[in-house]
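The values are calculated or read from the model by the stated rules, or taken from the named source; none is laboratory data. The structure presented is a predicted model; accordingly, all values stated were derived computationally and were not measured. With ideal geometry, Cβ positions are generated from the backbone for all residues, glycine too; neighbour counts draw on all protein chains shown. When the accessible area is computed, the model is the full protein with side chains, heavy atoms only, and any ligands, DNA or RNA have been set aside. Shrake-Rupley method; radii C 1.70, N 1.55, O 1.52, S 1.80 Å.
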Amino acid sequence: QVQLVESGGGLVQAGGSLRLSCAASGTLLSINTMAWYRQAPGKQRELVAHITSSGTTNYADSVKGRFTISRDNAKNTVTLQMNSLKPEDTAVYYCRLGFSMYWGQGTQVTVSS
C-alpha cells in the first residue's frame, strides 16, 4: 500500500522558484533514502537529488546550488525547493522511494523564457 504523491508543479518564468512536495503513505520516509528524478521530452529520466535517512544529500551538477532537497519525517514528506529556474529545468518531476519500484505519478514543471 505504498503511495507517493507529488504536488507543487506548475508554470513559472525563468529565474523564479517552485517547491515540490512528495507525500508518502504506507511507508516511513524516515528509514529510506528518497530521491527526485525528472524526465524532459525525448530524454532519459535523470536523478536530480536524493537524501538518505541520515540526511546526507546529493545533487546533479545541473541543479547544484539552485535546488535543495529536504525531508520532514513528522509529516512523512520530502520536498524539492527549486530556485533560479531555467527553461532547461522543464520536465516531469518524480518522487522515488530509494531505488525501489515505488514512484509517484509525477508533477509537471514548465519554465518559460
Item checked: Positions within the stretch 59-74 being more than 12 Å from the chain's Cα centre (by Cα) and part of a strand (DSSP E or B), in sequence order -> 72
Next item on the list: May I ask you to list the residues in the stretch 68-101 that are of a type in the set (Phe, Trp, Tyr) and touching a Leu at 6+ places or on another chain (Cβ under 6 Å)?
Entry: 93
Margin query: Can you report the number of residues in the stretch 75-87 which are assigned to a loop (DSSP other than H, G, I, E, B) and either within 9 Å of the chain's Cα centre (by Cα) or of a type in the set (D, E, K, R) (or both)?
Written below: 2
Notebook entry, point to check: So which residues in the stretch 24-56 are closer than 17 Å to residue 2 by Cβ and among the aliphatic types (A, V, I, L, M), if there are any at all?
Noted result: 24, 28, 29, 31, 34, 35
Note to self: Among the residues of the stretch 66-92, what is the count of those that are open to solvent by less than 40 Å² (accessible area, probe 1.4 Å) and either touching a Phe, Trp or Tyr at 6+ places or on another chain (Cβ under 6 Å) or hydrophobic (A, V, I, L, M, F, W, C) (or both)?
What the structure shows: 8
Notebook entry, point to check: In the stretch 36-57, which residue that is open to solvent by 40 Å² or more (accessible area, probe 1.4 Å), in contact with a Lys or Arg (Cβ under 9 Å, 6 or more places away or on another chain) and in a strand (DSSP E or B) is nearest to residue 78 (Cα to Cα)?
Noted result: 47
Check: Of the residues that sit in the stretch 97-113 and are open to solvent by 20 Å² or more (accessible area, probe 1.4 Å) and more than 21 Å from residue 42 (Cβ to Cβ), which one is modelled with the lowest pLDDT?
Finding: 99
Check: Restricting attention to the stretch 4-35, which residues are open to solvent by 50 Å² or more (accessible area, probe 1.4 Å), modelled with pLDDT under 95 and assigned to a loop (DSSP other than H, G, I, E, B)?
Finding: 26, 28
